[in-house]
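Peer 1: First, the structure itself, so that you have it in front of you.
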Amino acid sequence: MTTKVLIVEDEQAIRQLVDHTLSNAGFEVLQASDAEQARTMIHKPPPDIVLMDWMLPGASGIELTRALKSDKITRDIPVIMLTARGDEDDKVRGLDSGAEDYIAKPFSPREMVARIRAVLRRVSPHATEEPVAVGKLKLDPSAHRVTFNGATIDMGPTEFRLLHFFMTHQDKVYSRSRLLDRVWGTNVYIEERTVDVHIRRLRKALEPFGAEQLLQTVRGAGYRFSGVAESHAGH
Ligand code: CA
């Protein structure tokens, strides 16, 4: 799972520098030169994070960030504002628009990579390659491996992505359509009952380890993953 970064920047030289730096750091880079182009690209498939230049021709980076943050399909995509302005007031305005972080130009490539990783860890842990653990259940994205108390659990790629999402978004209820958006992407046309099929398969994979109770059905609302049930069972 390569992390996709969308850079929205009208200056080609900066886009290329960012592309070069981030590609070397193992990210997949998508480029847009204005807000219009960014709007089309954001849905197919959605990037994991957006680097947004403040000054753009047409709609500004601030306006585009506000628009993304008020749309339920794109509001969860983290945005880092890039700007030549070093002013504190501008920083506040940038963050007020809903951006998760702010980098002043000129920035070092190393700093940019570190800031992107920090925001992803905070906002979308499922988009990072870091291992996650809930009790005895462990998932390692880079090794593509799930274990329970050290024993490997076999599952398909969709169940793996679903479990990764749940393990990094515990104790919240997700409707089927929200799971489709977050795990499958916003530009895929899949029926909601497909989610149920994969939830069933995931539970079946967890069952031999007694871990299926972590994945709870919330009647009329959707699904929730919670480590609480497991700790109760253990006492
Ligand atoms: Ca610019």
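The values are calculated or read from the model by the stated rules, or taken from the named source; none is laboratory data. Just so we're clear, the structure is a prediction, and the values are computed from it rather than from any experiment. All Cβ positions, glycine included, derive from the backbone under ideal geometry; neighbour counts span all protein chains shown. In case anyone asks, the SASA skips ligands and DNA or RNA and just uses the protein heavy atoms, side chains included. Shrake-Rupley method; radii C 1.70, N 1.55, O 1.52, S 1.80 Å.
Peer 1: Show the residue pairs meeting these rules: Cβ distance below 6 Å; 6+ apart or different chains; first residue within region 140-154 and of a type in the set (G, A, S); second residue in a loop (DSSP other than H, G, I, E, B) and open to solvent by 60 Å² or more (accessible area, probe 1.4 Å).
Peer 2: S142/E129
Peer 1: If you don't mind, there's one more thing I want to ask. Which residue is farthest from K172 (Cα to Cα), if the candidates are limited to region 196-227 and must be among the hydrophobic types (A, V, I, L, M, F, W, C) and in a loop (DSSP other than H, G, I, E, B)?
Peer 2: Restricting to residues being among the hydrophobic types (A, V, I, L, M, F, W, C) and in a loop (DSSP other than H, G, I, E, B), the top hit is A211.
Peer 1: Right, another one. Given the conditions (1) under 25 Å from L180 (Cα atoms); (2) more than 16 Å from the ligand (Cβ to nearest atom), report the number of the one that I7 does not fulfil.
Peer 2: Every condition holds for I7 apart from (2).
Peer 1: Which residue, of P57, P47, is under 25 Å from R178 (Cα atoms) and not in a helix (DSSP H, G or I)?
Peer 2: Checking each option against the conditions leaves just P47.
Peer 1: Of the residues D71, D89, D76, which single one is in a loop (DSSP other than H, G, I, E, B) and without any contact (Cβ under 8 Å) to a residue 12 or more places away in the chain?
Peer 2: Testing whether each residue is in a loop (DSSP other than H, G, I, E, B) and without any contact (Cβ under 8 Å) to a residue 12 or more places away in the chain leaves just D71.
Peer 1: Let me spell it out: the conditions are (1) open to solvent by 30 Å² or more (accessible area, probe 1.4 Å); (2) assigned to a helix (DSSP H, G or I); (3) within 16 Å of the ligand (Cβ to nearest atom); (4) under 25 Å from T128 (Cα atoms), and E36 meets all of them except one. Which number is the exception?
Peer 2: Just one mismatch for E36, condition (4).
Peer 1: I'm trying to understand the selection: among the residues of region 5-23, which are within 20 Å of S142 (Cβ to Cβ) and surrounded by 17 or more Cβ atoms within 10 Å (Cβ to Cβ)?
Peer 2: V5, L22 - these are the residues of region 5-23 that are within 20 Å of S142 (Cβ to Cβ) and surrounded by 17 or more Cβ atoms within 10 Å (Cβ to Cβ).
Peer 1: All but one of (1) away from the ligand (no atom under 16 Å from the Cβ); (2) touching a strand residue (DSSP E or B) at 6+ places or on another chain (Cβ under 6 Å); (3) part of a loop (DSSP other than H, G, I, E, B) hold for A99; which doesn't?
Peer 2: The failed condition is (1).
Every residue, every condition in (1) surrounded by 19 or more Cβ atoms within 10 Å (Cβ to Cβ); (2) away from the ligand (no atom under 16 Å from the Cβ), yes or no:
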residue	(1), (2)
A25	no, yes
I42	yes, yes
P46	yes, yes
I49	yes, yes
L64	yes, no
K72	no, yes
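Peer 1: I'd like to know if region 147-166 contains one or more residues that are in a loop (DSSP other than H, G, I, E, B), under 26 Å from I73 (Cα atoms) and either among the charged types (D, E, K, R) or open to solvent by less than 20 Å² (accessible area, probe 1.4 Å) (or both).
Peer 2: no
Peer 1: All but one of (1) modelled with pLDDT of 90 or more; (2) surrounded by 17 or more Cβ atoms within 10 Å (Cβ to Cβ); (3) within 13 Å of the ligand (Cβ to nearest atom) hold for P57; which doesn't?
Peer 2: Here P57 clears every test but (2).
Peer 1: Inspect all residues belonging to region 168-177 and state whether any of them is closer than 16 Å to E212 by Cβ, surrounded by 17 or more Cβ atoms within 10 Å (Cβ to Cβ) and touching a residue at least 12 places away in the same chain (Cβ under 8 Å).
Peer 2: No: region 168-177 contains no residue that is closer than 16 Å to E212 by Cβ, surrounded by 17 or more Cβ atoms within 10 Å (Cβ to Cβ) and touching a residue at least 12 places away in the same chain (Cβ under 8 Å).
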